Amino acid sequence: MGLFARMEMVFKSKMNRILNRMEDPRETLDYSYERQLELLQNVKRGVAEVASSKKRLQLQRAKLVQSIDKLESQAKDAISANREDLARLALERKAALQQQIEGIDREIGELDQQQEKLVESEKRLSTKVEIFRTRKESIKAQYSAAEAQVKINESVTGISEEMADVGLALERAENKTEGMKARAEAIDELMEAGTLEDLTGGRDEIDRELAKISTQTNVESELARLKAEAGKGSVKTETGKESTGAEERKEV
């Protein structure tokens, strides 16, 4: 196969694919139905033409019959008038007309047969066209339903893909949110432990150290109080001397 033949084959193949995508079977079916109706109309016109031709022959035959009857009467009148020659002439013309009538009868018979065949063809074709019409409408309805289903499925598929993208975006947002919350909590813990400097609080290193001392002093005071209440510690008197809890109880 030559290069030109291969290129032609490829071109035809591509054109067929394009035409298949562009072709709407409903339009094809409607066009086929219209063509069948045209053929049916042609058959009907043929039947009408045959019937018209037969009618013209029948009218012509009727005129010939009238002429024969007239010639028959003339022949009788000629015999009555002893004009055998005229009677013979009338009978010769009568015979010629009878031959014409016989030819017309044969033509009418042939037209009858042709008309019967055309009528039968018309009936069969009418039945086929009606069956095709019913089948065509059914196929068109099925195609329209399938087309609608395809569009719905494509829409659903598009929505599903979009929702999948949305789901991924939500998952990423949730992950980022959880990470941000964990980071914030970690920073809070570090700030409370004094590891990080709280720039928003306006406290410097000296303030933090003084705060620690104050906290420790408060803790020691609370601890001493608890020990005194439990009788295990000592408290300072007003003179600065320490006395046990038992001596204080004796003085009381």
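Let me check something: with ligands and nucleic acids excluded, how do Arg133, Arg225 order by accessible area (1.4 Å probe), largest to smallest? Present the calculation step by step, with values, prior to reporting the outcome.
Details: Arg133 85, Arg225 105 Å².
So, going from the largest accessible area down, we get Arg225, Arg133.
What does the extension gain come out to for Glu154 and Ser53, with contour length at 0.36 nm per residue minus their alpha carbon separation? Mind dumping the intermediate values first?
Details: separation 101, 0.36 × 101 = 36.36 nm, distance 6.20 nm.
Gain in length upon complete extension: 30.2 nm.
Ser67: accessible area at probe 1.4 Å, nearest 10 Å²?
50 Å²
With only Lys, Arg, Asp and Glu charged, each at its Cβ (+1 for the first two, -1 for the last two), find how big the charge dipole of the range 57-192 is about the Cα centre; round to the nearest 20 debye.
Values: 22 positive and 28 negative charges, 334 e Å.
Taking the Cα centre of the range 57-192 as origin, the dipole is about 1600 debye.
Keeping all protein chains in the complex and leaving out DNA, RNA and ligands, what accessible area do you get for Lys181 with a 1.4 Å probe, in Å² to the nearest 10?
Per-residue accessible area (Lys181): approximately 100 Å².
Please calculate the 1.4 Å probe accessible area of Glu84, with all protein chains present, and give it to the nearest 10 Å².
110 Å²
Checking the table Lys54/Lys123; Lys181/Lys212; Lys44/Lys128 against a 23 Å threshold on Cα-Cα, which pairs fail? All intermediate terms of the calculation are to be shown ahead of the outcome.
Numbers: Lys54/Lys123 21 Å; Lys181/Lys212 28 Å; Lys44/Lys128 15 Å.
Among Lys54/Lys123; Lys181/Lys212; Lys44/Lys128, the Cα-Cα distance tops 23 Å for Lys181/Lys212.
The values are calculated or read from the model by the stated rules, or taken from the named source; none is laboratory data. These numbers were taken from a predicted model, which means no experiment stands behind them. Methodologically, a virtual Cβ is constructed for each residue, glycine included, from the backbone with ideal geometry; neighbour enumeration extends over all protein chains shown. When the accessible area is computed, the model is the full protein with side chains, heavy atoms only, and any ligands, DNA or RNA have been set aside. Shrake-Rupley method; radii C 1.70, N 1.55, O 1.52, S 1.80 Å.
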